[in-house]
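S.K.: I'd like to ask some things about the structure below.
The values are calculated or read from the model by the stated rules, or taken from the named source; none is laboratory data. In this text the structure is predicted, and so the values were computed from the model without any measurement. Glycine also receives a Cβ, built like all others from the backbone with ideal geometry; neighbour counts cover every protein chain displayed.
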Amino acid sequence: MSAQHTEAHAHNEHGHEEHASMSRGKIWQVFFILLGITVIEFFIALYMVPKDIISISVANPIYIILTLAKAFYIVAYFMHLKFEKVGLIYSLVVPILFIIGLILVLTNESHHWIDLIR
């Protein structure tokens, strides 16, 4: 019985060590990275696009890339996926990539059908 208790205690310490790297300093660092990305998005949306410095067709891919970067930081650090085993990460990331690919293919296909109707 005590061997199981010791093994469970060792597992809890190992899990705690993995998440211990999320100190207050790291949380603030991730916060400021997310804040910086958001400021860039707002700067593009409220200053650069209205003044025609960049067009909306250039701004939209930039928004998508910046949003994906923010999603990465949120999932990796605040949802602790960065600290999980590789198998779990792949079991979540690979289906998401397939879903994104499906959305892109269906969007392209819908444009094809709209062009045929015209």
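S.K.: Within the stretch 63-101, work out how many residues are farther than 28 Å from ALA45 by Cα and either basic (Lys, Arg) or assigned to a helix (DSSP H, G or I) (or both).
M.R.: Final tally of qualifying residues: 15.
S.K.: What number of residues within the stretch 84-93 are of a type in the set (A, V, I, L, M, F, W, C) and exposed (fewer than 10 other Cβ atoms within 10 Å of the Cβ)? Can you show your working first?
M.R.: First pass over the stretch 84-93, keeping only residues of a type in the set (A, V, I, L, M, F, W, C): 86, 88-89, 92-93.
Filter once more, so that each one left must be exposed (fewer than 10 other Cβ atoms within 10 Å of the Cβ): 86.
Residues that pass the stated criteria total 1.
S.K.: Name every residue in the stretch 81-90 that is more than 20 Å from MET22 (Cα to Cα) and either of a type in the set (Phe, Trp, Tyr) or modelled with pLDDT of 80 or more (or both), in order of residue number.
M.R.: TYR90
S.K.: Follow-up question, since we're still on this one. Only one residue in THR6, THR38 is among the hydroxyl-bearing types (Ser, Thr, Tyr) and modelled with pLDDT of 90 or more, so which one is that?
M.R.: Numbers: THR6 fails: modelled with pLDDT of 90 or more.
Answer to the selection: THR38.
S.K.: Just for the stretch 13-31: of the residues that are under 30 Å from ILE62 (Cβ atoms) and surrounded by 10 or more Cβ atoms within 10 Å (Cβ to Cβ), which one is modelled with the lowest pLDDT?
M.R.: Here the residue is MET22.
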